[in-house]
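Taking it in order: structure first as structure tokens, then the write-up.
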Amino acid sequence: MAQQGTLYIISSPSGAGKSSLINALLTQHNAAGKMQLSVSHTTRAMRPGEEQGVHYHFVSVEAFKALIASGDFLEWAEVFGNYYGTSRAAIETSLAQGIDVFLDIDWQGARQIRQQMATKSIFILPPSRAELEQRLIGRGQDSHEVIAGRMAKAIAEMVHYDEYDYVIINQDFELALFQLRAIIESQRLEIRQQQQAQQNLLQQLLAE
């Protein structure tokens, strides 16, 4: 019997390093192709450098609303006039193939998904407010007013860290990456997973 994949929800405030950690995990530790990032549907316009089906599944508002009506989304939200959603069928297919799927979503989307599917959830925190602010300033993209707004939003998001199964403090990137990988590996060794993946071996070892 093939080992069932695990659905991981990963959340963090902007600037905590969540995307960098996920990208490093998939780039450095995915030789077997057993991990993937979920690709969301969106109605926003494609930006330069983005690819259909790689960064998002870009669809019309009409098509998105049809998917909502048919119950295709595990979670969806409207953000600044654009819709974003996570396909139920795509995730279930990958999990059935033994692939671990990572969802990069906020705490509100995480709540929606926990009500419908078994998950393991991870919250990435910065080592301090000062460090988080410096990371946002270091991007060199936003005004002081925008950064202040992002900081206020980050604090509001971090309040929900205790709704998650695991918390990683991203002070040292390599250590945080090691801890993220350790969570994945420990889940694969969990008894239910091993009973699926090692069914034949276990039967041989325990045969009378």
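Each value in this text was obtained by applying a stated rule to the coordinates, not by laboratory testing. For clarity, every value in this text was computed on a predicted model and none was experimentally measured. Every residue, glycine as well, gets a Cβ built from its backbone with ideal geometry; the counts of neighbours run over all protein chains shown.
Points to keep in mind about this one:
- Residue check for residue 115: without any contact (Cβ under 8 Å) to a residue 40 or more places away in the chain, surrounded by 12 or more Cβ atoms within 10 Å (Cβ to Cβ) and either in contact with a Gly (Cβ under 6 Å, 6 or more places away or on another chain) or within 30 Å of residue 92 (Cα to Cα) (or both): no
- Residue 150 vs. criteria touching a helix residue (DSSP H, G or I) at 6+ places or on another chain (Cβ under 8 Å) and within 16 Å of residue 17 (Cα to Cα): yes
- Residue within segment 122-132 that is loosely packed, with under 15 Cβ neighbours inside 10 Å, touching a residue at least 40 places away in the same chain (Cβ under 8 Å) and of a type in the set (Phe, Trp, Tyr) present: no
- Yes/no for residue 34 being in contact (Cβ under 8 Å) with a residue 40 or more places away in the chain, surrounded by 15 or more Cβ atoms within 10 Å (Cβ to Cβ) and farther than 30 Å from residue 151 by Cβ: yes
- Segment 152-208, subset more than 23 Å from the chain's Cα centre (by Cα) and small (Gly, Ala, Ser), residue farthest from residue 115 (Cα to Cα): 207
- Within segment 37-69, the only residue that satisfies the criterion of being among the polar types (S, T, N, Q), closer than 18 Å to residue 105 by Cβ and either touching a residue at least 60 places away in the same chain (Cβ under 8 Å) or surrounded by fewer than 14 Cβ atoms within 10 Å (Cβ to Cβ) (or both) is 38.
- Of all residues in segment 140-168, those that are surrounded by 11 or more Cβ atoms within 10 Å (Cβ to Cβ) have Cβ atoms under 6 Å from Cβ atoms of residues that are assigned to a loop (DSSP other than H, G, I, E, B), 6 or more apart or on another chain, in 150/14; 154/13; 157/13; 158/13.
- Restricting attention to segment 73-97, the residues that are among the small types (Gly, Ala, Ser) and crowded, with 18+ Cβ neighbours inside 10 Å add up to 4.
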